[in-house]
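All of the numbers you see were taken from the coordinates with simple rules; none came from a lab. What you see is a predicted model, and the numbers here were worked out from it, not measured in a lab. With ideal geometry, Cβ positions are generated from the backbone for all residues, glycine too; neighbour counts draw on all protein chains shown.
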Amino acid sequence: MFKSWVVGLLLAGLAPFAMAQASPPVAPRALPTEAKLWQGDLDGMIKRRMVRVAVPYSRTLYFNDKGRERGITADLVRDFERYLNTKYGQQLGKRPITVYIVPTTRDELFKDVADGYADIAAGNLTVTPARQQQVDFVAPADQKPFNEVVLNSIAAPALTSIDELAGRTVHVRKASSYYDSLLALNQRLAAAGKKPATLVLVPDALEDEDMMEMLNAGLLNAIVVDDWKARMWAPVLTKIRINDAAAVRSGGQVGWAVRKNSPELVKDIELFYRSHVKKQNLQVARQQQYAKRIKQIKDPTQSSDWKRFEATIELFKKYGDRYNFDPVMLAAQGYQESTLDQNAKSQVGAIGIMQVMPATGKELAVGDIVVAENNIHAGTKYMDQLMSRYFKDANFSDANRSLFAFAAYNAGPGRIASMRKEAAKRGLNPDQWFNNVELVTAEKVGIETTTYVRNIYKYYVAYKLTNEIRQAALKAREQVEGAPGK
């Protein structure tokens, strides 16, 4: 299978210089972005002066802000690069080793290493027997083990045993190791004659930090997270409780994954851990550093906000149907823009729920945008125009159609159109936002736009979950009221 990796994310700011010529070259000078399959141990990497590290794209572990790599894993990988160049400096001469960080979707991390498209996979990766069949892990035995613990709201009862999860609702991503741990718990509970936990699946695009923010905002009942990550967020997310006594997995280990039969690479990663990570307490230092960067989201289902949602959802349905947008996603965008407040006005003069500029509203010819319905109509019609004028070549899914519209709404359609072209050059999917065009946008535009889209996505999930809960409760009530004898 042909693969590509994002060299541009790491080499932002480097550009070839072209000499003035009478006639232009057939093809412009550029940096290569093709990922070529290669398998070997550290000695081969030293000869190539190249190590490729696949990482998941995450606000905690690795993200790119206008060309600058940030995150716990990003910093540790750069530490490893300095370690290699210091250790092998004389051998390398004036050609140092470059460690390329390759943002990769989670389902591809281990396969990329095994196949030879990456040399290391890093980023809070749990060691499991299934994964060990595909790759080897460097997970030093003397590092502190972690537990996968249940988090719930401080307003709910604390859990003194994992068995108390019986019959309770837990929100979880199916692709996570937490899901496997919860399935194992349910099997044990069933064998003991107890009611299993109710597992409610949420989109895999939500990261642990997203779910902790949502739990803190009261949008989720309970979740499972690695205890070290929960503790990193706890000082900021003050409404969540870490139930140490309720662990679905205990004594777990995380590490870096490498190809099998790579003893020299394993040896140097272990030495790097002992001489740098452990000695300088780097892991804890990194966690403390990035804990300061965490910001909470608001709760879009608080009573006053939810009333505004219910008051406007019919309008979002009306114009969502007309312009082929998910009305709940439109509502989520309205919440991000103004918390659904028609009286909101920005410093630059944008008006209402969808924060439409008066000149734009006049051009759209939908009526006075001071009126809520016209304002929603204007915002939706404008997004439709963004899509039809700037993304004619796109083959978006329904979900991605909305995500790209939101990005264009925030950063401008021309910029997002250019981000799609750049993504295609790098072998990424120009029709996929998360972990594809999102990566390029973070590098070139900044985290404001990517955060904007992710916040809308979180609010969207919140609205969906709340709607499902309310509809389920209403259906149950109707069943009870309609039962014989009632």
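Sort the following peptides by mean Cβ neighbour count (other Cβ atoms within 10 Å, averaged over residues), highest first: 385-392, 219-226, 328-335, 147-154.
So the order, starting with the most tightly packed, is 328-335, 219-226, 147-154, 385-392.
What are the ³J(HN,Hα) values, in whole Hz, obtained from phi via the Karplus relation 6.51 cos²θ - 1.76 cosθ + 1.60 with θ = phi - 60°, for each residue of region 78-83 in sequence order, with x given for Gly and Pro?
5, 4, 5, 4, 5, 4
Say each of Arg231 and Glu164 gets a label point 7 Å from the Cα, pointing the same way as Cα to Cβ; how far apart are those two points in nm?
Distance between label points: 2.1 nm.
Determine, for each peptide in 369-379, 434-444, the mean count of other beta carbons within 10 angstrom over its residues, then list the peptides with the highest first.
For the peptides 369-379, 434-444, the packing ranking is 434-444, 369-379.
By average Cβ neighbour count within 10 Å, what is the ranking of 235-248, 86-99, 115-128, 157-170 from highest down?
Packing proxy ranking, top to bottom: 115-128, 235-248, 157-170, 86-99.
With θ taken as phi - 60° and the coefficients 6.51, -1.76 and 1.60, list the Karplus ³J(HN,Hα) couplings across region 328-334 in order, rounded to whole Hz; mark glycine and proline as x.
3J(HN,Hα) across region 328-334, in whole Hz: 5, 5, 4, 5, 5, 5, x.
Under 5 Å between amide H atoms, partner at least 5 residues away or on a different chain: which partners does Val51 have, H built in plane at 1.01 Å?
Thr98, Val99, Tyr100
One-quarter of the Cα convex hull surface for region 299-426, in nm²?
8.2
Could you give each residue of region 272-286 its phi-based ³J(HN,Hα) in whole Hz, using Karplus coefficients 6.51, -1.76, 1.60 with θ = phi - 60°, and x for Gly or Pro?
4, 4, 5, 8, 10, 4, 6, 4, 9, 6, 5, 4, 5, 4, 5
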